[in-house]
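This report concerns only the one structure given below.
Rule-based calculations on the coordinates, nothing more; no lab input. From a predicted model like this one, the values you see are computed outputs, not experimental measurements. Note that each Cβ is placed from the backbone with ideal geometry, even for glycine, and that neighbours are counted across all protein chains shown.
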Ligand code: GP9
Ligand code: MN
């Protein structure tokens, strides 16, 4: 009932990070383009593979004057993979510990980023060339109040321009930007890439670097599909410039979840020149890149804040000058002075600037040495509280009782 919501609301209010007054509303009215980079992990960024640069374009963005690059940012997904990352970004809540919230709670009431943007005059949409029912997206996108889903039927897909799971990322971006030129502005488009997906296959003509040379074919091919993904982002930027959509947009790029599972630890250890991949290493390998690219901002930086996907909703809405102080969200604005270096994984692991908690053990950063669990204790509890609150909101469909306009409980909740 509503009483649980009172407790959660108090917690959310008490832990809210104040906005950065210099950044709040600074880019009001711009189009917002989010790009979910399929299976892209941070370990390839600014790194080489047998002497080859893996992500030349994304590397150049890390010190671009218009880009905030976050190098200690993590995915927080569970079994719902891509769909969990969508859920985190839209709602600033966690997915579920079991199953995929997109399937189990597609009929809930939410207060998504898309819904907020829609109320603020944005045309909201998702662009992804797959069937609309995959991950139950057609149902969940209604609940998230996304106005339009450009799915496989909106794209021209043929044998020539598809591979592996479907349309290749380069034609995907070309066709998507064409469609963007027809959209009412301002728009919010969340684009989901596909080519860099397990089992990481490419057509011969799209291979730009050789395979890696480990005993894992998966990791070996991963570098090649990542290289292709990098190229496709370059094409996206070029197309946006060519079509006149670049200057008036904010472009946010982030990895959706890991691409290389722990089954490939031996090969990964070889690549990273380590003896073995420990629990500590595995946790840090969950880092995915985040770029907030703002044409003309000139204020680009590398930002080391420990953070995660749950933080994107407040960050983006605040850049656009949209208030979230009444919203039931668990993330914090990345530009806030009060943002804390702390990211909770769906399975209860966490990372701070000083510690990693994994395998029920506490490790110090950056040495990776195990230390007394006491150092991690306060964070362990906080992680459990936040995961639990998020679960309660979803399992109880509690947002149906909440009026985000006023920050009050609706009358029917208070019996
Ligand atoms: C499917 C695509 C992949 O449309 O988003 O989903 P994933 O397997 O990465 O969760
Ligand atoms: Mn994915």
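Any residue in the range 46-67 that is away from ligand 2 (no atom under 16 Å from the Cβ), free of Cβ contacts under 8 Å to residues at least 12 places away in the same chain and closer than 27 Å to residue 245 by Cα? Scanning the range 46-67 turns up at least one residue that is away from ligand 2 (no atom under 16 Å from the Cβ), free of Cβ contacts under 8 Å to residues at least 12 places away in the same chain and closer than 27 Å to residue 245 by Cα. All conditions in (1) within 11 Å of ligand 1 (Cβ to nearest atom); (2) buried (at least 22 other Cβ atoms within 10 Å of the Cβ); (3) in a loop (DSSP other than H, G, I, E, B) hold for residue 132, with the sole exception of (2). Of the numbered criteria (1) within 16 Å of ligand 1 (Cβ to nearest atom); (2) closer than 20 Å to residue 37 by Cβ, the one residue 140 fails is (2). Among the residues of the range 119-127, is there at least one that is out of contact with any strand residue (DSSP E or B) (no Cβ under 7 Å at 6 or more places or on another chain) and closer than 22 Å to residue 393 by Cβ? Yes, the conditions are met somewhere in the range 119-127.
In the range 362-385, of all residues being in contact (Cβ under 8 Å) with a residue 40 or more places away in the chain and in a helix (DSSP H, G or I), the one that is farthest from residue 278 (Cα to Cα) corresponds to 385.
Within the set 310, 303, 316, the sole residue that is surrounded by 22 or more Cβ atoms within 10 Å (Cβ to Cβ) and touching a strand residue (DSSP E or B) at 6+ places or on another chain (Cβ under 7 Å) turns out to be 316.
Looking for whichever is in contact (Cβ under 8 Å) with a residue 40 or more places away in the chain and out of contact with any helix residue (DSSP H, G or I) (no Cβ under 8 Å at 6 or more places or on another chain) here; the options are 183, 191. Which one fits?
Numbers: 191 fails: out of contact with any helix residue (DSSP H, G or I) (no Cβ under 8 Å at 6 or more places or on another chain).
So the residue among 183, 191 that is in contact (Cβ under 8 Å) with a residue 40 or more places away in the chain and out of contact with any helix residue (DSSP H, G or I) (no Cβ under 8 Å at 6 or more places or on another chain) is 183.
Tell me, yes or no, whether the range 192-202 has at least one residue that is away from ligand 2 (no atom under 16 Å from the Cβ) and surrounded by fewer than 22 Cβ atoms within 10 Å (Cβ to Cβ). Show your work before the answer.
At the first step, the residues of the range 192-202 found to be away from ligand 2 (no atom under 16 Å from the Cβ) are 202.
Now narrow it down to the ones that are surrounded by fewer than 22 Cβ atoms within 10 Å (Cβ to Cβ): 202.
The answer is yes; a qualifying residue exists.
Return the only residue of 62, 82, 77 being within 13 Å of ligand 1 (Cβ to nearest atom) and either under 19 Å from residue 349 (Cβ atoms) or out of contact with any helix residue (DSSP H, G or I) (no Cβ under 8 Å at 6 or more places or on another chain) (or both). First the steps, then the outcome.
On the way: 62 fails: within 13 Å of ligand 1 (Cβ to nearest atom); 82 fails: either under 19 Å from residue 349 (Cβ atoms) or out of contact with any helix residue (DSSP H, G or I) (no Cβ under 8 Å at 6 or more places or on another chain) (or both).
The match here is 77.
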